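A.B. asks: Take a look at this one; I'll ask things after.
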Amino acid sequence: MPRLFWNKNLLFFLLPIVLFAQVHKKDLSKLPYDDLKKLFFDNVKNQTNQKEYAHLYLAKAKYENNSVEKAKGYYLYSLLSDGTKAIRYLDSAIACSKTSNDIKFPAYAYSQKGYVLKNQFKYREAIDNFIIAEKYARKNNPDFYYKVKFSIAALRSEELGEVPEALDLYRECFNYYKDKEVRTPRYSYAYQNVLFALADAHKALQQSDSASYYNKLGFIETKFNNDDEYNALFILNEGANLVLKKNFSAALDSINKALPKMIAYKDVGNTLAAYYYFGKAYEGLGRKDLAVKNFLKVDSIYKIAKRITPEFMSGYPYLISYYKNSGDKEKQLQYLSQYMLIESTLQNNYKELTKKLQKEYDSPYLFSEKEALIQDVKKEKTGFYWVMGILALLVISTGLFGWYQYNHKKKYRLRFDTIMNKSKLVNDNKLADTETKENRSNATKTKDIGIAEELVNQILMKLNQFEDQKGYLECNLTVQILSVAFDTNSKYVSKIINMYKEKSFIQYINDLRIDYAIVQLQQQKQLRNFKMQALAEEFGFNGAESFSAAFYKKTGIKPTYFIKELTELNKI
């Protein structure tokens, strides 16, 4: 269920509580930074004025050559921009402050960039930027560190459907805030956010008693803080939870109390949620007419907002079934088409959606149902012919995609099992040594490669020490760097690696790193929560793409798949 997000972290520094008189425009450039910031945020309804204050702020910072203040100036400009333009400003803010030890920058810029990417549906890139923001904030800003952690959890839960993973992050945030003064302005809103997130995550996992526990805590806190909007949100969330408990009458009572507040506060997402759970409650009570009425309202809101999550999709199968039983084929086809088009749109963003579609309204049934509808509607109204053909193609495409996914996953699983079978002694670090020992066995006999035997043996010994000391984890390692460390010629090192390791230098280094990564990912569970960029740096790679490519070349599977399967295996 959508929640109120605290983009208050966008107000990246507390506004001074200093009141000052109106200043003439010609004197604005002389104002301190804090005063310019206050003027910027005091004019949120006048973007023209805001641009002027942002310009003055940045110009002042450039004139004084103050890197951190320049970063803040670019940040102000980003708040007035969207999409690619906003990202350009944020990248400039990051470049200005990346080497600073400022308490807020570049962490705030990375975090805001995450929000911009999230709004562009680039969820994985958004998470990568949140993780970098988290890394910077960890050093000297614990409050913001947990705000960013919450943002990562919310994105994983609500946009990617990774609720169990998000729940662990929410708990970390809760454990941090519960020891703070949560009824003060500094922490109250953040604490309420975490309580709602915990309740919503437990509800999504069908853990209704835990959901009720956190809804109750949230209700108490919002009452104390006189937060009427958030109080209604907890009431609505508990109403949804009561639907899951099949206490439909009580659910209707809670939703009835919350819905007027959602409408009054123009909360479109939660208004849609309220109508959806109205529909589910009436469905549970056998009131088909009222269930249909509310599911139709959900569809109406979706058509305007153009946004819906898998949580609210099951109203469409209900409408399809209802109109089928009532003999209204045009309505049946209308909502069947809507359902499949939404599914197609969301498929790339929600990993569980295909399973959900198959479970609630499986594809073979959809296909046969549409074929029958095509024939009937064609007889009644020939104008629908091309529409049906397109829908049939959509169903076939979905089926072919599912077949491809099944075979792809089967192949990946076999490769995963192969890796695991080779690493039964992983706790003794034998996996990382396996290939090394094989390579070293090749070195027992000196080959005639045009290099003195004594020199060959010296370099091979140094390579063994290099592998034992895990020197391959050093980033930007080249054959020239290694040769300097070995006090020898780079051509000799390259040639010996080619002959005795039977690999190119790059493949030799990458394979050592991947073997080490496989061991560490099995031994250190916390590494599995890292994003690809962080893992790449951990194992000596320059970037996520090079790490993923090397992992795939070595194992035949992507690291994301390996981590996912490893996590599932440990649950057994």
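A.B. asks: Could you check how many residues of region 41-77 are closer than 20 Å to Asp91 by Cβ and either part of a helix (DSSP H, G or I) or among the hydrophobic types (A, V, I, L, M, F, W, C) (or both)? Lay out the reasoning, then the answer.
C.D. replies: Of all residues in region 41-77, those closer than 20 Å to Asp91 by Cβ come to 51, 54-55, 57-59, 61-62, 65-77.
Add one more test, that the residue is either part of a helix (DSSP H, G or I) or among the hydrophobic types (A, V, I, L, M, F, W, C) (or both), and what stays is 51, 54-55, 57-59, 61-62, 67-77.
Of the residues in region 41-77, 19 are closer than 20 Å to Asp91 by Cβ and either part of a helix (DSSP H, G or I) or among the hydrophobic types (A, V, I, L, M, F, W, C) (or both).
A.B. asks: Name the residues in region 66-92 that are more than 22 Å from the chain's Cα centre (by Cα), under 18 Å from Asp34 (Cβ atoms) and hydrophobic (A, V, I, L, M, F, W, C), would you?
C.D. replies: Correct list: Val68, Ala71, Leu76.
A.B. asks: I'm checking my understanding of the structure. Among residues of region 468-505 that are part of a helix (DSSP H, G or I) and among the basic types (Lys, Arg), which one is surrounded by the most Cβ atoms within 10 Å (Cβ to Cβ)? Please lay out each step first, then the result.
C.D. replies: Taking region 468-505 first, the residues part of a helix (DSSP H, G or I) are 468, 471-473, 479-486, 490-501, 505.
Checking the rest, the ones that are also among the basic types (Lys, Arg) come to 491, 495, 501.
Details: Lys491: 11, Lys495: 17, Lys501: 22.
Checking each candidate, the answer is Lys501.
A.B. asks: Within region 158-168, which residues are buried (at least 21 other Cβ atoms within 10 Å of the Cβ) and under 16 Å from Lys531 (Cβ atoms)?
C.D. replies: Passing the criteria: only Ala166.
A.B. asks: Sticking with this structure for a sec: So how many residues does region 442-456 have that are farther than 12 Å from Asn498 by Cβ and at pLDDT below 75?
C.D. replies: Count: 5.
A.B. asks: Among the residues of region 263-301, what is the count of those that are of a type in the set (Asp, Glu) and in contact with a Gly (Cβ under 6 Å, 6 or more places away or on another chain)? Before you say what the answer is, go through the steps one by one.
C.D. replies: Applying the first criterion (of a type in the set (Asp, Glu)) to region 263-301 yields 267, 283, 289, 299.
Now drop any that are not in contact with a Gly (Cβ under 6 Å, 6 or more places away or on another chain), which leaves none.
Count: 0.
A.B. asks: Output the residue which, of all residues in region 512-565 that are aliphatic (A, V, I, L, M), in contact (Cβ under 8 Å) with a residue 40 or more places away in the chain and within 16 Å of Arg124 (Cβ to Cβ), is surrounded by the most Cβ atoms within 10 Å (Cβ to Cβ). Working first, answer last.
C.D. replies: Here is the first cut: in region 512-565, the ones aliphatic (A, V, I, L, M) are 512, 514, 517-519, 521, 527, 532, 534-536, 544, 549-550, 557, 563.
Now restrict to residues that are in contact (Cβ under 8 Å) with a residue 40 or more places away in the chain: 512, 514, 517-519, 521, 532, 534, 544, 550, 557, 563.
From what's left, within 16 Å of Arg124 (Cβ to Cβ): 532, 534, 544, 563.
Numbers: Met532: 22, Ala534: 17, Ala544: 19, Ile563: 17.
Per the criteria, the residue is Met532.
The values are calculated or read from the model by the stated rules, or taken from the named source; none is laboratory data. As the structure is a computational prediction, the values presented were derived from the model and not from experiment. As a convention, Cβ positions derive from the backbone with ideal geometry for all residues, glycine included, and neighbour counts pool all protein chains shown.
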